[in-house]
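Notes follow once the structure below has been shown.
The values are calculated or read from the model by the stated rules, or taken from the named source; none is laboratory data. A quick note: this is a predicted structure, and the numbers were derived from the prediction, not measured. Glycine also receives a Cβ, built like all others from the backbone with ideal geometry; neighbour counts cover every protein chain displayed. Calculation scope for accessible area: heavy atoms of the full protein, side chains included, ligands and nucleic acids excluded. Shrake-Rupley method; radii C 1.70, N 1.55, O 1.52, S 1.80 Å.
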Amino acid sequence: MAITRQPKGFMRLKDWIKKKGYSYSETANVLKIHNFNPATNIIRYAKGDRIPHPDFMLKIKNGTNNEVQPCLLYTSDAADERSSVDLGGRRII
């Protein structure tokens, strides 16, 4: 069950990206996420289609000055509409 209310003072990754006015490529660079196709992974993280690896969660948390917390990476509009979540290639139903 996805959390519908976010903790005060924190925001979702997609909201942080919008607030900063970054493209997904710029977001990947700012957060120092350098893997195969980082912009696509940022899109998936922001939409809630993929849960970031713990190392990337830490980079997101630190790169956003703690404005985006790992618990908020698990919640999204997409997660509210789905009965499964992609965990880095494995799907949990």
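Restricting attention to the range 7-33, the residues that are at pLDDT 90 or above and in a loop (DSSP other than H, G, I, E, B) add up to 6. Within the range 17-41, residues that are within 15 Å of LEU58 (Cα to Cα) and of a type in the set (D, E, K, R) have Cβ atoms under 8 Å from residues that are open to solvent by 60 Å² or more (accessible area, probe 1.4 Å) and modelled with pLDDT under 95 in these pairs: LYS32/LYS59, counting only partners at least 6 apart in sequence or on another chain.
Test THR4 against the stated conditions and say whether it is of a type in the set (S, T, N, Q), open to solvent by 60 Å² or more (accessible area, probe 1.4 Å) and modelled with pLDDT under 85. Yes: the conditions hold for THR4.
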